[in-house]
Each structure stands twice: as structure tokens, then as C-alpha cells.
């Protein structure tokens with residue numbers, strides 16, 4: 001600890017100095033504070049509302065402005081800034097990846113739907129102050145009032161819809177309706193704000209029933225899957241069967257053509273032969289017979305020749321040594 | 001010199017006090033009631049700016065001129081259909097007659113407490129008199145169907161007769177009647193939150209769950225049904241395609257056989273000679289086709305072949 005000795009003499013001396021110059025000091029202080037409180041700056045996003053002795057006097061645009069010191073005072077209202085209120089959640093930190101918390105805001109988002117179910121609706125109201133005079137002087141706690149309007153308005157709108165509507169098709173419509181409703185009530189209150197946008201965030205079934213709602217989605221997926229599988233099995237089998245059927249028919253056509261052509265061919269050959277045959281039947285027949293024999297007989301295995309009474313040879317013939325194919329002419 | 005300075009100083013201070021006592025500044029958001037020894041005198045002052053009063057005797061009492069908030073305690077109330085719900089309400093009110101207000105309620109705390117009594121009471125009455133739907137719903141609009149799910153759980157809303165808006169209005173009106181001599185006016189009254197009490201909420205959750213499970217089961221069975229249908233269709237079509245093809249093929253073949261038979265018959269069946277030639281050629285062909293090296297032929301001397309052989313000699 002640094003030693004510090006209080007020098008009474010010195011203090012007394014400087015105090016006397018101050019007393020001596022008291023008038024000058026007072027004048028300087030007064031003038032300075034007058035100057036400081038005369039000039040002031042209104043930021044780019046604000047307007048300055050000036051009251052003279054408590055009464056509203058004028059509204060100033062942004063830039064350097066002045067007022068009568070001590071008599072006039074200024075309240076700056078950020079009319080250009082878009083402000084927002086969150087319902088059902090709170091942004092805990094803003095950044096590239098903002099984080100949100102639901103703590104303390106659960107009661108805001110849980111509401112009754114028209115079919116007496118419950119839904120959890122989170123939303124954001126973006127607004128701007130468009131009438132600084134009304135905003136300052138018509139309603140006490142305008143922000144809190146806007147929250148009340150917004151909460152009751154959302155419940156009024158959700159209260160007229162089924163839980164299915166709220167959770168699925170109704171989202172955009174609800175946001176639009178709520179914007180109009182908040183604006184209407186705000187105008188009634190002369191709140192001096194303009195609702196720029198109402199954005200619905202998470203609209204979900206309440207936590208305890210969420211599993212059941214997911215089960216519906218899963219079942220829906222399951223249904224699609226089952227149908228798709230059946231369709232795919234169908235598509236695997238039927239076109240192939242069609243192709244195979246076509247093949248069978250084509251083959252039959254082929255067979256038919258072959259059969260007819262063959263018969264025509266054979267008949268043509270027969271007819272040619274017949275033309276010649278009819279001229280000399282005996283000779284032709286013999287010729288064909290012998291030609292055939294010439295061809296056939298050399299190829300034959302064993303040849304056994306008997307006379308017409310040689311039938312008794314047959315029983316002794318060991319047929320099993322050969323293939324057993326015997327033709328008795 | 002010094003004495004005169006002190007005198008001036010005293011005069012200035014006294015003058016300042018007198019000025020401060022005889023003027024008061026009413027801000028834009030305020031209104032004032034002047035009281036003399038606690039008793040209100042004259043009209044209330046509603047214009048903002050600087051005003052004058054009798055110093056020391058009269059006091060300026062400031063009241064807010066703006067819309068003021070009133071926030072109801074969440075009350076547990078049974079509805080007409082004996083459903084227990086929490087109702088959280090809010091109102092906006094204004095001191096319309098500061099003089100009366102000052103006489104009756106003195107300050108805002110008194111007003112808030114009176115409003116609690118009046119509005120909570122009215123809320124209780126009207127909630128208890130109506131079915132739950134009436135306080136939740138505003139209109140008898142037709143809900144938009146939400147597709148597949150709504151086919152199972154109907155998207156329908158019960159008809160209502162009164163509605164939220166009207167109940168709010170009734171409460172507001174009735175409360176205003178009771179507070180008309182208090183110098184205040186309730187400008188708006190609304191239900192902020194309505195919710196089931198804990199036990200009822202659990203029941204509602206159970207109901208919602210069973211409803212959803214019913215939907216899920218429906219979907220699943222629909223899926224299975226549709227799959228079976230497609231499968232059956234597949235089998236039917238398969239059989240019909242295959243049998244149709246078989247039928248057509250056989251018809252074609254039959255026709256061809258018939259045609260061939262006709263062609264053959266035409267040629268072979270002309271006369272005896274042609275028949276003779278045909279059977280002869282066929283037997284020759286049979287020889288060619290059926291005889292091979294494994295065939296043993298026993299030729300009797302009186303066979304045709306042998307006859308030819310013999311005649312060759």
C-alpha cells in the first residue's frame with residue numbers, strides 16, 4: 001500500500017482558491033452545461049421528439065440539432081430500426097449459428113387449437129415504430145403491450161383452426177392473419193408501431209405427443225415403401241412376361257412359316273418327281289429303290305440271308321451280341 | 001456589502017421556492033388533479049405544459065394519461081362442460097376522469113386491485129357459463145383440409161354460438177358497468193392464454209396420442225392392402241399374359257399344321273399313282289433314316305431286295 005499523507009495546508013489553500021473563484025466557476029459550469037444541453041445529435045436511425053416544459057413540441061430528423069436549454073428536453077426514438085419480439089423461445093446468442101433457448105418461454109408457445117388439441121407454436125414479430133408521438137405518449141409500456149396483443153392474437157387465430165391445419169397447411173395463412181390482427185389492435189391502442197412481418201418458427205405438437213406424431217409420419221413412409229415395393233415387384237415381372245409371351249408367339253409364327261414352307265418345298269419336289277415317275281413308273285421306282293439300297297446296305301451291320309424256308313436259323317442267332325435292332329423284311 | 005448580498009440571496013431563494021410551489025409541469029403523458037388540503041379543487045388538468053396553482057395550499061397530483069396495463073393472475077376455472085382450465089387475461093385501461101379516480105381510488109395501486117376484483121370475477125363468471133370451445137374459438141369457419149390425415153381424423157370444428165371475441169366483449173362491458181364511477185375505462189380486455197390444468201393436459205395428450213396411433217395404423221394397413229392389391233394384379237396379369245401367349249402360339253401352330261396337311265394331301269392324293277409313289281418314297285426315306293451300322297438285317301430270299309439282288313445276277 002502506498003503511503004498517502006493528507007496535506008491539510010495544501011487542501012485548505014486550494015479550497016480557498018476555489019471559494020475565491022466561485023462565481024467564475026459557477027458561470028463556466030452553467031454556460032458549459034447550457035451549451036452541452038443545447039446541441040445534440042440525432043442518429044441516422046432515430047428521430048428526436050422534443051418536449052417543451054413537458055408538452056410535445058416538435059419532432060426532429062437525424063443530424064445535429066439544438067434545443068432551448070433547461071426548458072426543452074429530447075427523447076430519441078429509433079424509428080428506422082427493425083425490432084423484434086420472440087415468442088416461445090429466446091435467442092441466447094446471435095451469430096453465424098445462433099443459439100436458442102426455450103427456458104422461461106414454454107408457456108408462451110403452448111396453445112389450444114380449435115378442436116381442443118394442443119400445439120406448440122413459436123413465432124417472431126418484427127416491427128418498427130412508425131409514430132414516435134403515439135409510441136411515447138399514448139400507451140405505457142408499448143413493448144409489453146405489443147407482446148400481450150401478439151400472444152392473445154396468436155391464440156385467437158390458432159383457436160379457430162384444427163391441430164392438423166396448424167401443423168401443416170395453415171402456417172403461412174396464420175402468419176398473415178396474425179400480422180393483420182396485431183396491426184388492427186395496435187391501431188386501436190394508438191401504439192405507434194407498424195408490424196413489418198410475422199414469422200412462424202417451429203410449429204410442433206407438444207413434447208409428450210411428438211412421438212405419436214412422428215409415428216404417423218413413419219407409418220406414412222412405411223405405406224409408401226410397401227406400395228413402392230409391390231410396384232417394383234410388379235414392374236420386375238410383368239414387362240418380362242410380356243416379352244416372353246411375345247417370344248412364344250414369334251416362335252410359333254416361325255414354326256408355322258417353316259412348316260408351311262417345308263410342306264410346299266416337299267410337295268414341289270414330289271410333284272417334279274411325280275411328273276417323271278408317271279412317264280415310267282416301274283423303272284423310276286426300281287431306280288429309287290436301288291439307289292436307296294446302295295446308300296443303306298453298306299452302312300448296315302450284319303447281313304444274314306436265308307432262303308424262304310430258312311426260318312429255323314433264326315432261333316440260333318445270338319441277337320444280344322449286336323445292338324438287338326433287327327428288322328425282318 | 002456582505003449583508004446586502006445575503007439579503008439578495010435570501011430573496012432569490014424565497015422567490016425560487018414560491019415559483020416552484022406555484023407552478024407545475026404536466027408532461028405529455030400525464031394529467032393532474034389539484035387538491036387543496038387534500039380536497040380536489042377545479043377541473044383536472046389534461047394539457048401538457050406549465051401550469052399554475054396557489055403555492056403551499058394546493059398540491060398537484062399526477063396521474064398517467066396513457067393506456068395502462070392490467071395483467072390478470074392465471075386463474076383455474078371450470079368451464080360449463082366441467083373442464084378445468086387456466087385463464088390468463090390482460091386488459092388495457094385508462095384514467096378517464098382523474099378527479100373521480102382520485103376520489104375513489106386515490107392511486108394506481110388501488111385501481112389495479114379494484115380491476116383485479118372486477119375482471120377476475122367477470123372472467124370466472126363468463127368462463128363458467130360457456131363451453132370450452134366458446135372461449136377458444138372465434139368464428140365458425142370451415143377448416144382447410146390437411147390432406148391424407150384429415151381423411152381419418154376429420155378436420156371439423158364444432159359449431160359455436162358465442163365465441164371468444166364476444167365473451168371478451170361481454171366481460172369488458174360488464175366490467176365497465178361496474179367501474180363506471182371509478183373514473184376509469186377498460187378499453188380492451190383479452191384472454192392472453194388459455195390452457196388445460198396439468199391433469200387434464202395429460203388426458204388430452206393421451207387422447208391426441210391415441211388419435212395419432214389410429215392414423216398411423218390406418219396408413220400402415222392401407223399400405224399393406226395396396227401392396228397386396230398390386231401383388232394380386234401382378235399375378236393375374238402374369239397368368240393372363242402367359243396363357244394368352246400359349247393360346248395364340250398353339251393356334252398359329254395348328255393353323256400351320258392344317259395348311260401343311262392340306263398342301264401334302266393336295267399333292268399326294270391326286271390319284272393312285274401319286275399315292276403309290278408317296279408311300280414308296282416314304283418307305284425309302286424310312287430305310288435311310290432307320291438303318292445304320294448297328295442294324296442286323298436278315299434277308300429272306302423271297303424279300304424284295306433279294307429279288308432285285310437275284311435279278312442282278
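Every number in this text was worked out from the coordinates using simple rules, so none of it is lab data. As the structure is a computational prediction, the values presented were derived from the model and not from experiment. Quick reminder, even Gly has a Cβ in these numbers, built from the backbone with ideal geometry, and neighbours come from all protein chains shown.
Over all distinct Cα-Cα pairs of segment B:234-276, the Kirkwood formula returns a hydrodynamic radius of 12.7 Å.
Helix B:198-268 and the longest principal axis of the C-alpha atoms of chain B enclose an angle of approximately 20°. With 0.36 nm allotted per residue and the present C-alpha distance subtracted, the residue B:129-residue B:19 stretch has 33.7 nm of extension available. With both labels modelled 7 Å from their Cα along Cα-to-Cβ, the residue A:86 to residue B:214 distance reads 3.8 nm.
Legend: ranking of residues A:199, A:50 from fewest to most surrounding C-beta atoms inside 10 Å; resulting order A:199, A:50.
Over the protein assembly as shown, DSSP H runs of length four or greater, each weighted -39,500 (n - 2.57), average out per residue to a 222 nm ellipticity of -18500 deg cm²/dmol. For the protein assembly as shown, pairs of C-alpha atoms spaced more than 37 angstrom apart make up 67 percent of the total. Between A:43, A:170, A:243, the Gaussian network model of chain A with springs among Cα atoms under 10 angstrom shows the greatest mean-square fluctuation at A:243. Between segment B:97-138 and segment A:122-148, the C-alpha centres lie 23 angstrom from each other. Taken over segment A:199-293, the convex hull of the Cα atoms encloses 163 Å³ per residue.
Can you tell me the 0 to 90 degree angle between the C-alpha axis of helix A:171-189 and the longest principal axis of chain A, rounded to 10? With both axes taken from Cα atoms, the answer is about 20 degrees. With coordinates expressed along the principal axes, the C-alpha atoms belonging to chain A extend over 180, 62, 44 Å, beginning with the largest. Nearest 10 degrees, 0 to 90: what angle lies between the long axis of helix A:22-38 and the longest principal axis of chain A (Cα atoms)? Orientation of helix A:22-38: about 30 degrees from the principal axis. Where does chain B land on the Kirkwood hydrodynamic radius, alpha-carbon pairs, in angstrom? For chain B, inverting the mean 1/r across all distinct Cα pairs yields 31.5 Å. Taking a point 7 Å out from the Cα of residue B:198 in the direction of its Cβ, the residues of segment B:74-90 whose backbone N falls within less than 20 Å of it are B:74-79, B:83-88.
For chain B, the relative contact order works out to 14 percent when only alpha carbon pairs closer than 8 Å and six or more residues apart are counted. Each 10 Å bin from zero up to the one holding the largest Cα-Cα distance in segment B:55-151 carries the following percent of pairs: 13, 30, 23, 19, 9, 5, 1, 1. Ranked by how many other Cβ atoms sit within 10 Å of their own Cβ, fewest first, the residues A:81, A:23 fall in the order A:23, A:81.
Note on residue A:24 and residue B:108: with the Förster distance fixed at 51 Å, the Cβ-Cβ geometry gives a FRET efficiency of about 0.60. Ranking of A:112, A:64, B:105 by neighbouring Cβ atoms within 10 Å, starting from the fewest: A:64, B:105, A:112.
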